[in-house]
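Reviewing the structure listed below.
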Amino acid sequence: MFLSFINDSASINYDPAKYSCQRLTGVPIYSHYSGRPVYTDIVQGYVGSCWFLSCLASYLRPGAHLDVRQKDLMEMIDFYGENQTRRLYKVYLGNTAFIVDDWVPKEYLYKTPMCLWPILFEKAMLSLMGWYASTVNGAAGRRLVKFDTDARGNKCCREISNDLGEDNAAAVGLRQIMGCASTHRYLHDHDDEDQRHYDGHVNPQITSIEMFKLYRNGHHLLANTSKWSYPRRDFPERVNLNDFGAVQQHCYAILDIIYSPARKTYILTLYNPWGRRSIVDTDGQIHPIMCDDVTCTTRTADHGIFTISWERFQQVFACVHHTV
């Protein structure tokens, strides 16, 4: 039934009254360079949620069994069908197959992407969040989102909206992509406006040692920035995070954590899903990581992969989401 939708000016997934969309004609599912998903394929701006895209990046972080994780993601995408105006794909999330096409809103498309797979996952996640909003929320909080279902039970969200991805997207992403439960932990006992966390009694502050142990034990971690920096004894001022090159209220993927005996602190490798905009460390320098992936090295010098010390991390980040 979805193949009967033939319209050369609209997406099957977006309300044409709200979004003007464009087809990504000729863009492959995976880049010609790698032929499989890699975390540097993920560049926010084509569709949207930094939380979910950071989940994907964390899942594809370099390390043991990366080939298995890549295969897992590839098996979650199937070709569904094609007509003269679009290609349709099935993406499996939440024990459901969501149908998405190869169209995106023009307002998010600042350049042509090198591959489709992050966009397909993002549209499926927004479809899943729309399904939750329509069926799982209580009656008072229910938001009706239009869906169609074919004879095999595949669901197609006809009203994808990016704001659906801002509600618990980190938890949903970790649960759906990693297949396990997750939680969040604060880095401070108050928010950046000096208000005590309402659930601080059940989510105690996380320490650098705890984060290091979680990473070493194979857990996946994401980190959310605050609006303003948190004071330190050696830097008591509260400043706008832009002063450090950090994006306010934004999610980054944690790719690596090591202890540096020379600096006597933990060093974290982060990825900004924007694919650019690295954070300045306490020494006033940006410490970029030069990855081997061709899709990364073909970008500008600042491709959003960098290291920072625990001291700077604690200064600009508010909380950490991780698998349990």
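The values are calculated or read from the model by the stated rules, or taken from the named source; none is laboratory data. Predicted model only: the values in this text are computed from it and were never measured. Every residue, glycine as well, gets a Cβ built from its backbone with ideal geometry; the counts of neighbours run over all protein chains shown.
On the stretch given as the range 211-245, residues that are surrounded by fewer than 13 Cβ atoms within 10 Å (Cβ to Cβ) and in a helix (DSSP H, G or I) total 4. The set of residues in the range 23-79 that are surrounded by 13 or more Cβ atoms within 10 Å (Cβ to Cβ) and of a type in the set (Val, Ile, Thr) comprises 27, 29, 38, 40, 42, 43, 47, 77.
This table checks each residue for (1) at pLDDT below 90; (2) part of a loop (DSSP other than H, G, I, E, B); (3) out of contact with any Asp or Glu (no Cβ under 9 Å at 6 or more places or on another chain); (4) not small (Gly, Ala, Ser).
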position	(1), (2), (3), (4)
247	no, yes, yes, yes
259	no, no, yes, yes
263	no, yes, yes, yes
268	no, no, no, yes
277	yes, yes, no, yes
292	yes, yes, yes, yes
306	no, no, no, yes
318	no, no, no, no
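Of all the residues that make up the range 22-68, how many are in contact (Cβ under 8 Å) with a residue 60 or more places away in the chain and of a type in the set (D, E, K, R)? Looking only at that region, the number is 3.
Got a sec? Which of 205, 285 is in a loop (DSSP other than H, G, I, E, B), at pLDDT below 90, of a type outside the set (D, E, K, R) and surrounded by fewer than 17 Cβ atoms within 10 Å (Cβ to Cβ)? Please lay out each step first, then the result.
On the way: 285 fails: at pLDDT below 90.
Just one listed residue meets the conditions, 205.
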